[in-house]
(Lines give C-alpha, C1' and ligand atoms only; values in the text may rest on other atoms or scores of the structure.)
Protein backbone atom coordinates (compact mmCIF):
# COMPACT_ATOMS: atom_id res chain seq x y z
CA UNK A 1 0.00 0.00 0.00
CA UNK A 2 1.45 3.42 -1.00
CA UNK A 3 2.30 5.82 1.78
CA UNK A 4 -0.07 8.78 2.18
CA UNK A 5 1.52 12.20 2.04
CA UNK A 6 0.15 15.75 2.40
CA UNK A 7 0.67 18.54 -0.12
CA UNK A 8 1.28 21.18 2.52
CA UNK A 9 0.79 21.90 6.16
CA UNK A 10 -2.62 23.64 5.76
CA UNK A 11 -5.47 22.50 7.93
CA UNK A 12 -8.81 21.56 6.39
CA UNK A 13 -10.35 24.89 7.47
CA UNK A 14 -7.44 26.86 6.04
CA UNK A 15 -7.70 25.06 2.75
CA UNK A 16 -11.36 26.01 2.43
CA UNK A 17 -10.81 29.62 3.38
CA UNK A 18 -10.89 32.21 0.59
CA UNK A 19 -7.48 33.51 -0.22
CA UNK A 20 -7.23 37.24 0.41
CA UNK A 21 -5.55 39.14 -2.37
CA UNK A 22 -3.45 42.17 -1.52
CA UNK A 23 -5.30 45.48 -1.79
CA UNK A 24 -4.59 47.68 -4.76
CA UNK A 25 -2.82 50.87 -3.80
CA UNK A 26 -3.69 54.00 -5.76
CA UNK A 27 -1.62 57.15 -5.39
CA UNK A 28 -3.29 60.50 -6.09
CA UNK A 29 -2.19 64.04 -5.37
CA UNK A 30 -5.00 66.59 -5.16
CA UNK A 31 -4.67 69.79 -7.15
CA UNK A 32 -6.01 73.29 -6.37
CA UNK A 33 -8.93 72.78 -8.78
CA UNK A 34 -10.13 69.81 -6.71
CA UNK A 35 -10.25 71.85 -3.54
CA UNK A 36 -11.88 74.79 -5.33
CA UNK A 37 -14.60 72.54 -6.72
CA UNK A 38 -15.22 71.02 -3.31
CA UNK A 39 -15.47 74.42 -1.71
CA UNK A 40 -17.99 75.59 -4.29
CA UNK A 41 -20.02 72.43 -3.91
CA UNK A 42 -20.31 72.85 -0.17
CA UNK A 43 -20.93 76.58 -0.06
CA UNK A 44 -23.30 77.20 -2.97
CA UNK A 45 -27.03 76.56 -2.77
CA UNK A 46 -29.57 76.72 -5.58
CA UNK A 47 -33.32 77.25 -5.31
CA UNK A 48 -35.91 78.09 -7.92
CA UNK A 49 -37.78 81.34 -7.42
CA UNK A 50 -40.96 80.46 -9.24
CA UNK A 51 -40.54 78.98 -12.72
CA UNK A 52 -38.37 81.58 -14.45
CA UNK A 53 -35.99 82.71 -11.71
CA UNK A 54 -33.68 81.19 -9.15
CA UNK A 55 -31.52 82.20 -6.21
CA UNK A 56 -27.97 81.00 -5.64
CA UNK A 57 -26.74 81.47 -2.07
CA UNK A 58 -23.28 81.44 -0.55
CA UNK A 59 -22.19 80.98 3.05
CA UNK A 60 -20.14 84.16 3.04
CA UNK A 61 -19.25 87.14 0.91
CA UNK A 62 -15.71 85.93 0.21
CA UNK A 63 -16.84 82.69 -1.45
CA UNK A 64 -19.38 84.61 -3.50
CA UNK A 65 -16.91 87.21 -4.75
CA UNK A 66 -14.32 84.55 -5.56
CA UNK A 67 -16.85 82.67 -7.66
CA UNK A 68 -18.12 85.72 -9.49
CA UNK A 69 -14.70 87.02 -10.54
CA UNK A 70 -13.79 83.60 -11.91
CA UNK A 71 -14.41 83.99 -15.63
CA UNK A 72 -14.54 80.23 -16.13
CA UNK A 73 -16.96 79.57 -13.27
CA UNK A 74 -20.25 77.80 -13.83
CA UNK A 75 -22.14 81.00 -13.09
CA UNK A 76 -20.31 83.02 -15.73
CA UNK A 77 -20.41 80.36 -18.41
CA UNK A 78 -23.88 78.92 -17.83
CA UNK A 79 -26.11 81.88 -17.00
CA UNK A 80 -27.19 84.53 -19.43
CA UNK A 81 -27.88 87.55 -17.24
CA UNK A 82 -26.77 88.60 -13.75
CA UNK A 83 -28.01 91.62 -11.81
CA UNK A 84 -28.11 92.73 -8.16
CA UNK A 85 -30.75 91.30 -5.89
CA UNK A 86 -33.53 93.65 -4.83
CA UNK A 87 -35.77 93.48 -1.77
CA UNK A 88 -38.80 93.31 -4.03
CA UNK A 89 -37.62 90.12 -5.73
CA UNK A 90 -40.40 87.53 -5.74
CA UNK A 91 -41.76 84.62 -7.71
CA UNK A 92 -43.66 85.91 -10.71
CA UNK A 93 -44.69 82.51 -12.05
CA UNK A 94 -44.70 78.84 -11.10
CA UNK A 95 -44.32 75.33 -12.46
CA UNK A 96 -47.53 73.32 -12.70
CA UNK A 97 -48.57 69.98 -14.16
CA UNK A 98 -51.91 69.90 -15.96
CA UNK A 99 -53.90 67.09 -17.50
CA UNK A 100 -55.44 67.80 -20.90
CA UNK A 101 -58.55 65.68 -21.41
CA UNK A 102 -60.86 65.24 -24.38
CA UNK A 103 -58.18 65.89 -26.99
CA UNK A 104 -58.49 63.77 -30.18
CA UNK A 105 -55.37 61.76 -30.96
CA UNK A 106 -54.75 63.77 -34.14
CA UNK A 107 -54.22 66.76 -31.85
CA UNK A 108 -51.63 65.05 -29.65
CA UNK A 109 -48.77 67.20 -30.89
CA UNK A 110 -46.91 70.18 -29.50
CA UNK A 111 -48.36 72.76 -31.91
CA UNK A 112 -51.96 71.85 -31.12
CA UNK A 113 -51.38 71.59 -27.37
CA UNK A 114 -49.59 74.94 -27.26
CA UNK A 115 -52.59 76.60 -28.91
CA UNK A 116 -54.92 75.00 -26.35
CA UNK A 117 -52.94 76.07 -23.26
CA UNK A 118 -51.87 79.45 -24.68
CA UNK A 119 -53.80 81.46 -22.08
CA UNK A 120 -52.95 79.10 -19.22
CA UNK A 121 -49.18 79.19 -19.61
CA UNK A 122 -46.15 78.10 -21.61
CA UNK A 123 -45.55 74.45 -22.36
CA UNK A 124 -42.19 73.21 -21.06
CA UNK A 125 -42.56 69.48 -21.51
CA UNK A 126 -44.85 66.51 -21.09
CA UNK A 127 -44.90 63.18 -19.28
CA UNK A 128 -44.15 60.43 -21.78
CA UNK A 129 -46.09 57.91 -19.69
CA UNK A 130 -49.21 59.65 -21.02
CA UNK A 131 -48.62 57.86 -24.32
CA UNK A 132 -46.55 54.84 -23.32
CA UNK A 133 -49.05 53.16 -21.01
CA UNK A 134 -51.95 50.93 -21.99
CA UNK A 135 -54.61 53.63 -21.64
CA UNK A 136 -54.56 56.85 -23.68
CA UNK A 137 -56.72 59.09 -21.51
CA UNK A 138 -55.07 62.49 -21.57
CA UNK A 139 -51.77 64.28 -21.91
CA UNK A 140 -49.91 65.41 -18.79
CA UNK A 141 -48.15 68.67 -19.60
CA UNK A 142 -45.66 70.75 -17.57
CA UNK A 143 -46.37 74.47 -17.76
CA UNK A 144 -44.90 77.68 -16.48
CA UNK A 145 -47.76 79.99 -15.62
CA UNK A 146 -48.17 83.42 -14.10
CA UNK A 147 -51.47 82.37 -12.53
CA UNK A 148 -51.32 81.49 -8.85
CA UNK A 149 -54.88 80.17 -8.84
CA UNK A 150 -55.66 76.51 -9.42
CA UNK A 151 -56.01 75.94 -13.15
CA UNK A 152 -59.32 74.45 -14.22
CA UNK A 153 -60.26 75.62 -17.69
CA UNK A 154 -62.40 74.46 -20.58
CA UNK A 155 -61.54 75.23 -24.18
CA UNK A 156 -63.62 74.71 -27.30
CA UNK A 157 -61.26 73.30 -29.92
CA UNK A 158 -62.25 73.46 -33.58
CA UNK A 159 -60.09 70.82 -35.25
CA UNK A 160 -60.49 70.28 -38.99
CA UNK A 161 -64.00 71.75 -38.77
CA UNK A 162 -65.14 69.56 -35.87
CA UNK A 163 -65.71 70.94 -32.36
CA UNK A 164 -64.28 69.32 -29.22
CA UNK A 165 -64.54 70.45 -25.60
CA UNK A 166 -61.13 70.22 -23.98
CA UNK A 167 -60.51 70.26 -20.22
CA UNK A 168 -57.30 71.64 -18.72
CA UNK A 169 -57.09 70.48 -15.11
CA UNK A 170 -54.25 71.21 -12.69
CA UNK A 171 -52.87 68.06 -11.10
CA UNK A 172 -52.21 67.62 -7.41
CA UNK A 173 -48.94 69.14 -6.11
CA UNK A 174 -47.61 65.71 -5.16
CA UNK A 175 -47.61 64.59 -8.81
CA UNK A 176 -43.94 64.40 -9.72
CA UNK A 177 -42.91 62.09 -12.58
CA UNK A 178 -39.38 60.79 -13.00
CA UNK A 179 -37.05 63.16 -14.82
CA UNK A 180 -36.37 60.46 -17.40
CA UNK A 181 -40.06 60.42 -18.40
CA UNK A 182 -40.30 64.18 -18.97
CA UNK A 183 -39.85 65.05 -22.64
CA UNK A 184 -39.55 68.44 -24.25
CA UNK A 185 -40.95 68.35 -27.76
CA UNK A 186 -43.68 66.76 -29.79
CA UNK A 187 -43.05 66.84 -33.52
CA UNK A 188 -45.98 68.34 -35.43
CA UNK A 189 -45.02 67.18 -38.90
CA UNK A 190 -47.56 64.90 -40.53
CA UNK A 191 -44.84 62.72 -42.04
CA UNK A 192 -43.49 61.69 -38.65
CA UNK A 193 -44.55 58.46 -37.04
CA UNK A 194 -46.59 58.59 -33.85
CA UNK A 195 -43.59 57.36 -31.89
CA UNK A 196 -41.37 60.09 -33.29
CA UNK A 197 -44.07 62.68 -32.80
CA UNK A 198 -44.79 61.92 -29.16
CA UNK A 199 -41.51 60.57 -27.87
CA UNK A 200 -38.81 62.96 -29.02
CA UNK A 201 -35.99 63.47 -26.57
CA UNK A 202 -36.02 66.21 -23.98
CA UNK A 203 -33.52 68.92 -24.89
CA UNK A 204 -33.77 71.87 -22.53
CA UNK A 205 -30.74 73.51 -24.06
CA UNK A 206 -32.71 74.07 -27.28
CA UNK A 207 -35.10 76.56 -25.75
CA UNK A 208 -34.12 77.36 -22.19
CA UNK A 209 -31.19 79.58 -21.35
CA UNK A 210 -30.32 80.87 -17.93
CA UNK A 211 -30.05 84.41 -16.76
CA UNK A 212 -28.86 85.46 -13.37
CA UNK A 213 -28.43 88.33 -10.99
CA UNK A 214 -25.55 88.92 -8.64
CA UNK A 215 -26.75 89.58 -5.11
CA UNK A 216 -25.05 91.14 -2.13
CA UNK A 217 -26.70 91.41 1.24
CA UNK A 218 -26.29 94.82 2.86
CA UNK A 219 -25.63 93.14 6.20
CA UNK A 220 -22.82 91.08 4.72
CA UNK A 221 -24.09 87.88 6.34
CA UNK A 222 -25.84 86.32 3.37
CA UNK A 223 -24.60 86.77 -0.16
CA UNK A 224 -26.45 85.28 -3.09
CA UNK A 225 -26.83 85.28 -6.82
CA UNK A 226 -30.27 85.75 -8.25
CA UNK A 227 -30.76 83.78 -11.45
CA UNK A 228 -33.46 84.42 -14.02
CA UNK A 229 -34.25 81.68 -16.53
CA UNK A 230 -35.30 83.13 -19.85
CA UNK A 231 -36.71 81.54 -22.96
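Quick notes
- At least 1 residues being modelled with pLDDT of 75 or more and touching a strand residue (DSSP E or B) at 6+ places or on another chain (Cβ under 9 Å) is the threshold, and among the helices (runs of 4 or more DSSP H) wholly inside the stretch 5-94 those reaching it are 61-68.
- Candidates are the residues of the stretch 113-134 that are touching a residue at least 12 places away in the same chain (Cβ under 8 Å), more than 21 Å from residue 149 (Cα to Cα) and surrounded by fewer than 19 Cβ atoms within 10 Å (Cβ to Cβ); the one that is nearest to the chain's Cα centre (by Cα) is 129.
- Verdict on residue 98 being modelled with pLDDT of 75 or more, under 25 Å from the mean Cα position of the chain (by Cα), in a strand (DSSP E or B) and more than 30 Å from residue 64 (Cβ to Cβ): yes
- Subset tally (residues that are part of a loop (DSSP other than H, G, I, E, B), modelled with pLDDT under 90 and closer than 21 Å to residue 53 by Cα) for the stretch 106-131: 0
- Here residue 137 passes the criteria (1) surrounded by 14 or more Cβ atoms within 10 Å (Cβ to Cβ); (2) in contact with a strand residue (DSSP E or B) (Cβ under 9 Å, 6 or more places away or on another chain) except the one numbered (1).
- Residue that is out of contact with any helix residue (DSSP H, G or I) (no Cβ under 6 Å at 6 or more places or on another chain), closer than 16 Å to residue 167 by Cβ and exposed (fewer than 13 other Cβ atoms within 10 Å of the Cβ), where the choices are 151, 156: 156
- Residues that are touching a residue at least 24 places away in the same chain (Cβ under 8 Å) and within 17 Å of residue 173 (Cβ to Cβ) within the stretch 135-151 comprise 140, 141, 142, 143, 144, 145, 147, 148, 151, listed in sequence order.
The values are calculated or read from the model by the stated rules, or taken from the named source; none is laboratory data. Because the structure is a prediction, the values reported are computed rather than measured. Backbone-built Cβ (ideal geometry, glycine too); neighbour counts: all protein chains shown.
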